[in-house]
Each structure stands twice: as C-alpha cells, then as structure tokens.
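Below is one structure, written out as structure tokens; the observations come after it.
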Amino acid sequence: MTLVEEAVLVAAKDLRIEAHARVVMTQVLPFGVVVLLLFAFALDPDRGVLPVVAPGLFWVAVLLSSLLAVSRSFAIEADHGARDGLRLSGLDGAAIFLGKAAAIAVQLLVLEVVLLIGVFVLYDVDPRGLAVLVVAGVLATTAIAALGVTYGVLAAGMRVRETLVPLLVLPITMPVLLGATRAFEFALADDLGPAWRWTSLIAMITTVTITLGVLSFESLLEEA
Amino acid sequence: MPVVSIRQAVCLLGRFPALAGVDLEVDAGEIVWLAGPNGAGKTTLLRLIAGLQPLHRGTATVFDFDLERDRRSHRRRLAFVGHETFAYDDLSVAENLDFAARAAGSAPDRAVEARRRFGLDPLAAVRHAGLSAGQRRRLALATAFARDAELLLLDEPHAGLDADGRALLDDTLRAFVANGGTVVFSSHESDRATLLGAREVRIVGGVVVGAERVAPTERVTEASR
C-alpha cells in the first residue's frame, strides 16, 4: 500500500467508528453550539458587538470543540490496547498521522458548517466572501487537526490525557486562530485582498504543521 | 539463522528490571513455550520480541533486525496476541478483522478466512463491545491469523477459550508451524504445551533458568541429551 492508501485506511477506520458511536455529532457539535449561544448571551445581540467579534468567537468555538474531537481520536486508541495494535499493524507512522488528522478535519468541517450557519443567524452576520471562508476554513481546520494529532499523541499514553491535551494544543494553535479570525473578518467585510493574504499565511502554517507531524509522529507514537 | 536471538537482555518497567539478562534463541519452525510464575517476565519478553518494549541492555535481533536500532521494521512479519484484543469497541468483528488485515498488507480474503476459522462468522456484524471474553479471545487470535505473519507471539493464548476453541487453536498452531511458521507463546497450562510438543523455556525473576523439549510421549531435558 502507498502512504496515501494507508492514510485513507486509517481515516476510514476513525470515521467508521464515529459513524457507529456518533460521539462528535451528539456531544461535540452540541457543545460548539452551546458555546456560540453562551457568547451571544454574554455579549447581548442588542449592543451590536456580536457582528464585529463574530469571526473570533466562531474560531474560539471551533478550537474548543476540536479539543474534544482530538481527545476522542486518542481515546479510541486507548481501549483494549488498540494503540499497541496500531504500532504493530505495520502502517507507516506518517500515514497514521495523516489519516487521523484527516478524520478529525472532516468531523470539524461538518461542525463548522453548522456553527457558521449559527453565526449568521444568531449573530446577525451577512455571509460575504464565501470563497475565502471556504478556503481559509479548510486550511485552518487542517492545521488545527494536524496540531491536535501531533500534540494529542504526546499525551496519549498518560492518565492525565484529557486535561493535558488542552494545555498542549491551545497555545500552539494561537497563530491559526489569529490568521483564521483575520481572514474571516476581512472576508465578511468584503475586503478580499487582505482576506486572501491572511489565507496565504494560514496555508504556510498548515504546510509547516503537516510537515512536522509527518516527520515526528512515528517517534511520538512509539514513546506514547 | 535463528528467527529470534536474544543475549543478556535487560528490560526495565519503570526502574524495575522485568528482564534481568535473558538469553533466548528461536529457530524457524519451532514452537517455544515460555513457562514461569506470574511476574517472571514472560509478557515483557514477548513484548520485547514484538518491538513494543525497548531494550535497556544486551542484544536482541528478530529476522536479522537489531531491535536496539530498529524496533519497527520486523513488525509486519509477526503477529502478537496479548492480554488485550487490540480491537475497537465501536467496530464490528468483520470491520476489526478487515482493518487489521488491510493494515498488515494482507489480502482481504485473509480476514474472511480467519473469521471463518475461529467460528466468528455468526458474529461478523457484532461490535467488539458486545462480545463475551471468550469471543474477544477468538477475535484477537483471528486478527493475528489474518496477517500473513511468519512469527506468532501469543501471551496466554488459551485463556478464556472453551474446549473447542482450545483444540481449534492447537490445530491452527500445528498447521501454522507445518507451513514454516514459528510460534513463541506463554502459558501456565503445561498440558497444552505438551500437546503441542513445544520446547519449554522456563523464566523466573527475569532470567531463563531452564529449557527442555516437551513432547506428548516423552520429556527429554536438554541437559540430559
């Protein structure tokens, strides 16, 4: 099997588990919606603040939800020695990284579509610059998933995995949060020049995070 | 050339030496029985051979791969059945087997064949979470046989199996060895090892204290030969 075929095998396995268990759809998605609602209550739609800060709130909601998705991705490898099974499988570590990151990214993209509709409805934001929203969204989500998998595996073998993952992942995703928020701000303001420049920055970050993950994941998995 | 060659191996679990200078050599086509009391180091030795346990001191080669330098490259050529099933709760028996076979680069029909061999066809659509302990054991064994492995590492493989399952496992192991495969297994059940005609390697306190050939009709110690 090629690296891509192995990655597809791992991603399909993780997505099949999610299709059966529906943890992301029944727990993570509602969590993201609740976060959006809490922001709306806290900032009061009548004050006019929400449309201005909507991009930042959207990406904070995505980031918080991604922590649950990453934890879930490694929780399924913790039961019944599945992580040892994965190490013994013969699959390339880079393929495992790419497969797990792809599965998380797919789940987050579904979640983001729902949250984005929620932002448009709840925060009274007009949808503009959709091309930028899609490209920047996909790139930022990929970066978040890649960082989540790279740092998630660091905590995978620890009893404090659930609490350690946020501490490891949140600080390292700051540049993605900043870039994606700025790209969305400019896109929703129909100012597409700066929006694409911020999207380019996200593309660079995504490339770096994927490269680091591909190079380091196998060693990290061995030590987990 | 031996399949497994281990010299003065020391493995640490934390700071505790689970293996304290083990010597072991396993030739192709052998069935080796690791015997010894609980905590003797049998599981650690199997995990060392599988490349899951790092070597602290000594030397260990499996299929000519030096495990001190490379604990990964030989894994495609072996299958390991430990105390856990290595399976996913939310995948069915068929899905777990299919994933394991494909990941190992085996043909998909190997998974179907392993499923049939271990009597798991009626449970194909049942998720791992819904299996009994004995059924999980059968799934773990089927997963191992779904890989095109040359070396089988089995940790207490008969545990949890009913009489039919035990006989089936023994027949499968004999057929595997007859086809050139090699088996290293740990067990507290000397009668099973006797039935298999395995070479006994006794481990106590992380070191090998004796080895003998166990056959259905005779027991010949290596020392007396």
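Does any residue in the range A:213-224 that is within 11 Å of chain B (Cβ to nearest Cβ) and in contact (Cβ under 8 Å) with a residue 24 or more places away in the chain come within less than 8 Å, Cβ to Cβ, of a residue that is outside any helix (DSSP H, G or I) and among the charged types (D, E, K, R) six or more places away or on a different chain, and which pairs are these?
Sorted first by the residue in the range A:213-224, then by its partner, the pairs are A:Glu218/A:Asp92; A:Glu218/B:Arg72; A:Glu222/B:Arg71; A:Glu222/B:Arg72.
Go through the range A:24-52 residue by residue and tally those that are over 26 Å from A:Ile104 (Cβ atoms) and not basic (Lys, Arg).
12
Could you identify the single residue in A:Leu109, A:Leu86 that is assigned to a helix (DSSP H, G or I), more than 14 Å from every other protein chain (Cβ to nearest Cβ) and of a type in the set (A, V, I, L, M, F, W, C)?
Sole residue among the options that is assigned to a helix (DSSP H, G or I), more than 14 Å from every other protein chain (Cβ to nearest Cβ) and of a type in the set (A, V, I, L, M, F, W, C): A:Leu109.
So is A:Val53 away from chain B (no Cβ under 14 Å), surrounded by fewer than 16 Cβ atoms within 10 Å (Cβ to Cβ), within 22 Å of the chain's Cα centre (by Cα) and assigned to a helix (DSSP H, G or I) or not?
yes
Step by step: first the residues of the range A:72-82, then only those that are more than 7 Å from chain B (Cβ to nearest Cβ) and either touching a Cys at 6+ places or on another chain (Cβ under 9 Å) or surrounded by fewer than 21 Cβ atoms within 10 Å (Cβ to Cβ) (or both), then the one that is farthest from B:Ser73 (Cα to Cα). Which residue is that?
Filtering first and then ranking leaves A:Arg72.
Does B:Asp164 satisfy the criteria of being more than 12 Å from every other protein chain (Cβ to nearest Cβ), assigned to a helix (DSSP H, G or I) and over 26 Å from B:Val4 (Cβ atoms)?
yes
Suppose the filter is in contact with a helix residue (DSSP H, G or I) (Cβ under 8 Å, 6 or more places away or on another chain), closer than 22 Å to A:Leu221 by Cβ and of a type outside the set (Lys, Arg); does A:Ala145 pass it?
yes
Would a scan of the range A:117-131 turn up a residue that is touching a Gly at 6+ places or on another chain (Cβ under 7 Å), surrounded by 20 or more Cβ atoms within 10 Å (Cβ to Cβ) and more than 14 Å from chain B (Cβ to nearest Cβ)?
Scanning the range A:117-131, I find no residue that is touching a Gly at 6+ places or on another chain (Cβ under 7 Å), surrounded by 20 or more Cβ atoms within 10 Å (Cβ to Cβ) and more than 14 Å from chain B (Cβ to nearest Cβ), so the answer is no.
Test B:Val126 against the criterion of being closer than 19 Å to A:Lys13 by Cβ and within 13 Å of chain A (Cβ to nearest Cβ), and give yes or no.
Answer is yes for this residue.
Inside the range A:56-66, can you point out the residues that are surrounded by fewer than 21 Cβ atoms within 10 Å (Cβ to Cβ) and either hydroxyl-bearing (Ser, Thr, Tyr) or closer than 22 Å to A:Ala155 by Cβ (or both)?
If the condition is that a residue be surrounded by fewer than 21 Cβ atoms within 10 Å (Cβ to Cβ) and either hydroxyl-bearing (Ser, Thr, Tyr) or closer than 22 Å to A:Ala155 by Cβ (or both), then A:Val60, A:Leu64 are the ones that fit.
So that you can scan it fast, the table gives a plain yes or no per residue for (1) modelled with pLDDT of 95 or more; (2) within 20 Å of A:Leu9 (Cβ to Cβ); (3) at the interface with another protein chain (Cβ under 10 Å from one of its Cβ atoms):
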residue: B:Pro54; (1), (2), (3): no, no, yes
residue: B:Asp64; (1), (2), (3): no, no, no
residue: B:Arg72; (1), (2), (3): no, yes, yes
residue: B:Ala114; (1), (2), (3): no, yes, no
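Which condition does B:Leu52 not pass, out of (1) in a loop (DSSP other than H, G, I, E, B); (2) buried (at least 22 other Cβ atoms within 10 Å of the Cβ); (3) aliphatic (A, V, I, L, M), if it passes all the others?
Exception for B:Leu52: condition (2).
Quick test of your reading of the structure: B:Ala101 fulfils all but one of (1) within 13 Å of another protein chain (Cβ to nearest Cβ); (2) in a loop (DSSP other than H, G, I, E, B). Name the failing condition by number.
(2)
Given the options A:Ile104, A:Ile76, name the one that is of a type in the set (Val, Ile, Thr), under 25 Å from A:Ala156 (Cα atoms) and either at pLDDT 95 or above or not in a helix (DSSP H, G or I) (or both).
A:Ile104
Hey, A:Asp92 hits all of (1) within 14 Å of chain B (Cβ to nearest Cβ); (2) within 20 Å of the chain's Cα centre (by Cα); (3) farther than 23 Å from A:Leu133 by Cβ but one; which does it fall short on?
Of (1) within 14 Å of chain B (Cβ to nearest Cβ); (2) within 20 Å of the chain's Cα centre (by Cα); (3) farther than 23 Å from A:Leu133 by Cβ, only one is false for A:Asp92: (2).
So, of the residues in the range A:26-50 that are in contact (Cβ under 8 Å) with a residue 40 or more places away in the chain and within 17 Å of the chain's Cα centre (by Cα), which turns out to be surrounded by the fewest Cβ atoms within 10 Å (Cβ to Cβ)?
Looking at residues that are in contact (Cβ under 8 Å) with a residue 40 or more places away in the chain and within 17 Å of the chain's Cα centre (by Cα), I get A:Gln27.
If B:Phe99 meets every condition in (1) in contact (Cβ under 8 Å) with a residue 24 or more places away in the chain; (2) of a type outside the set (Gly, Ala, Ser); (3) under 25 Å from B:Arg47 (Cα atoms) apart from one, which number is that one?
(1)
Would you mind stating whether B:Gly29 is closer than 22 Å to B:Ala142 by Cα, modelled with pLDDT of 90 or more and surrounded by fewer than 20 Cβ atoms within 10 Å (Cβ to Cβ)?
For B:Gly29, the condition - closer than 22 Å to B:Ala142 by Cα, modelled with pLDDT of 90 or more and surrounded by fewer than 20 Cβ atoms within 10 Å (Cβ to Cβ) - is met.
It is to be established whether one or more residues within the range B:78-94 are more than 9 Å from every other protein chain (Cβ to nearest Cβ), without any contact (Cβ under 8 Å) to a residue 60 or more places away in the chain, surrounded by fewer than 24 Cβ atoms within 10 Å (Cβ to Cβ) and on the phi < 0 side of the Ramachandran plot.
Yes, because at least one residue in the range B:78-94 is more than 9 Å from every other protein chain (Cβ to nearest Cβ), without any contact (Cβ under 8 Å) to a residue 60 or more places away in the chain, surrounded by fewer than 24 Cβ atoms within 10 Å (Cβ to Cβ) and on the phi < 0 side of the Ramachandran plot.
Here are the criteria: (1) modelled with pLDDT under 90; (2) in contact with a helix residue (DSSP H, G or I) (Cβ under 9 Å, 6 or more places away or on another chain); (3) not polar (S, T, N, Q). Tell me which single one A:Arg47 does not satisfy.
The number of the failed condition is (2).
Exactly one condition in (1) modelled with pLDDT under 90; (2) surrounded by fewer than 17 Cβ atoms within 10 Å (Cβ to Cβ) is false for A:Gly90; which is it?
That leaves (2) as the condition not met.
Please tell me if A:Asp46 is assigned to a helix (DSSP H, G or I) and within 14 Å of chain B (Cβ to nearest Cβ).
no
The values are calculated or read from the model by the stated rules, or taken from the named source; none is laboratory data. Computed from a prediction, not measured in an experiment: that's the story for all the values here. When we count neighbours, we look across all protein chains shown, and the Cβ atoms used for this are built from the backbone with ideal geometry, even at glycine.
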